[in-house]
1. When Lys and Arg each count +1 and Asp and Glu each count -1, what net charge do the other residues less than 10 Å away from Ile146, Cβ to Cβ, add up to?
2. Please state the shape class of region 118-270: rounded when a/c is under 1.5, otherwise prolate if a/b exceeds b/c and oblate if not, all from the C-alpha gyration tensor.
3. Can you give the Rg/Rh ratio of region 198-310, where Rg is from the C-alpha atoms and Rh is the Kirkwood radius?
4. What is the magnitude of the charge dipole of region 183-309 about its Cα centre, with +1 placed on the Cβ of each Lys and Arg, -1 on the Cβ of each Asp and Glu, and no other charges, expressed in debye to the nearest 20?
5. Sorting Val214, Val80, Val256 on the 10 Å Cβ count, fewest up front, what's the list?
6. Hull surface divided by four, with the convex hull built on the Cα atoms of region 253-306: how many nm²?
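What follows is calculated from the coordinates using simple rules that are stated; it is not laboratory data. All figures in this text were calculated on a predicted structure; none of them were measured in a lab. Backbone-built Cβ (ideal geometry, glycine too); neighbour counts: all protein chains shown.
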Amino acid sequence: MARKRTIIIASSLAVLLPLGGGTAWALDRFMIPHVEISDTDAYEAENSTVTTTGTESTTEPVTTATTYTSDDASVSISTVTTGSGDSTVTYYVADVTLTDATALRSAFANNSFGENIIDTTSSIAADNGAVFAVNGDYYGFRDTGIVIRNGVVYRDSPAREGLAFYLDGSVEVYDETATSAQQLLDAGVWNTLSFGPAIVEEGSVVDGIEDVEVDTNIGNHSIQGEQPRTAVGVIDDNHLVFVVVDGRSPGYSAGVTLTGLADIMISLGATTAYNLDGGGSSTIYFNGAVINTPSNGGERGTSDILYIEG
């Protein structure tokens, strides 16, 4: 939610201007990029203990706008429109089946890790040769959470309910504060996400999700109400479903509540589902183009993506 957050931060800073030091702190914390690792590709190559076994695709280049298949993954895209008038909702579904769990990868904006480093989903996707991508958890807006990406630890600051993707293709919601990044890595975790909340567990809508706030720091919004959304659901091991809901556009797509998002996931067969960064950040990219309509009238910068390489 980078651009809207920036607007609100700027508004907050105007209030803080007479405070002097407070303004400098807010600028430094929420607007100025802080690069901790400047070449994440090299960092992962040096620190990864995982050997991927994927092979090059022998299929012809994708020629349709709906399906991609390789030796390691298949992606099927569909568009769904429900309701009418101002209650119309439009969302995009990516049904993803993996033969190698490491085919689902993460990438950072500008190939760098740190705070306030952003780029558009499509740009990050293109830089990494992605055929399919969605925006991630916007890890760079905060300095907490467990961040493991592509089998490498980047941050170990437990704070909330996370999602862990394992090398065996399983995915589970977990309590970050009850473990550590190294323990997760030792258990075979390939990627983690730190946003939430979990919206579906054991095939049912999670109670209380409409009251959850991910963060409480300056410039952050609650995530309630009808909003554009991005989420990942688990149908089975190595079988995932990604949903991106457009919103804030009455007559085209109003957006959905977290409960509405959970209902969509359950209708798709997900037994577990987890909310990712949404609002203007919600973006789905396929076969070289953004296929949804981001609510800002164009893409908004984010810090990371989940993707399948083409």
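1. On the way: positive: Arg155, Arg160; negative: Asp156, Glu176.
The answer is 0.
2. Numbers: a/c = 1.33, a/b = 1.31, b/c = 1.02.
Cα axes put region 118-270 in the rounded bin.
3. Values: Rg = 14.0 Å, Rh = 14.7 Å.
Radius of gyration over Kirkwood radius for region 198-310 works out to 0.96.
4. Numbers: 3 positive and 17 negative charges, 101 e Å.
Dipole magnitude for region 183-309 comes out near 480 debye.
5. Details: Val214 21, Val80 14, Val256 25.
So the residues, fewest neighbours to most, are Val80, Val214, Val256.
6. On the way: hull surface 18.5 nm².
Average projection, Cα convex hull of region 253-306: 4.6 nm².
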